[in-house]
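Handing you a structure now.
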Amino acid sequence: MEITYTRQGDYYLPNLTLPEQPKVELGMYAQLRRRFLANQHKILYYNLLTKCKLIEHLADIEQQAFDMEERIIRQMAEQQGVTEALKAQDQMLWVARMNNIRNAAREIVCEELIYTV
């Protein structure tokens, strides 16, 4: 394997490139996780990046977070009695309660999955 170098001032730096990674569209949770790793756990972030496993990790976290959020929303709605009958009876109340449940679920997902190592 031949390594080529480029001169930068007084130094010669190797011309290194990462292999092509799959094009994956990352959602909100993956972006939050990326920002968390880049700011709080730089070593883990750069290890995943240099091993070309960052995108795979972020896609996995996104899927886990989405599944967890759906499960929590379903359970909390059931516990609080937010049903289709309530939606038909008082739509504004149903929307307010579902927004509260969704926000609480997002906080739980972020606390338990996104912002942990």
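Among the residues of segment 63-74, are any part of a helix (DSSP H, G or I), in contact with an Asp or Glu (Cβ under 9 Å, 6 or more places away or on another chain) and within 17 Å of LEU32 (Cα to Cα)?
Filtering segment 63-74 for residues part of a helix (DSSP H, G or I) gives 63-74.
From what's left, in contact with an Asp or Glu (Cβ under 9 Å, 6 or more places away or on another chain): 68.
Then drop every residue that is not within 17 Å of LEU32 (Cα to Cα), which leaves 68.
Taking every residue of segment 63-74 in turn, at least one turns out to be part of a helix (DSSP H, G or I), in contact with an Asp or Glu (Cβ under 9 Å, 6 or more places away or on another chain) and within 17 Å of LEU32 (Cα to Cα).
Restricting to segment 10-25, what's the tally of residues that are in contact with a Phe, Trp or Tyr (Cβ under 6 Å, 6 or more places away or on another chain) and within 17 Å of LEU58 (Cα to Cα)?
Taking segment 10-25 first, the residues in contact with a Phe, Trp or Tyr (Cβ under 6 Å, 6 or more places away or on another chain) are 12, 14.
Then drop every residue that is not within 17 Å of LEU58 (Cα to Cα), which leaves none.
The number of residues fulfilling the criteria is 0.
Could you figure out which of (1) under 17 Å from GLU111 (Cβ atoms); (2) touching an Asp or Glu at 6+ places or on another chain (Cβ under 9 Å); (3) hydrophobic (A, V, I, L, M, F, W, C) isn't true of LEU48?
Here LEU48 clears every test but (1).
Within segment 8-41, track down each residue that is loosely packed, with under 11 Cβ neighbours inside 10 Å and in a helix (DSSP H, G or I).
ASN39
Show the residue pairs meeting these rules: Cβ distance below 7 Å; 6+ apart or different chains; first residue within segment 68-94 and under 20 Å from LEU113 (Cβ atoms); second residue surrounded by 10 or more Cβ atoms within 10 Å (Cβ to Cβ) and charged (D, E, K, R).
Close Cβ pairs satisfying both conditions: GLU69/ARG106; ILE73/ARG102.
A short reminder: the numbers here are calculations on the coordinates, not readings from a lab. Here the structure is a predicted model, which means the values were calculated and not measured. Cβ sites come from the backbone with ideal geometry, for glycine too, and all protein chains shown count toward neighbours.
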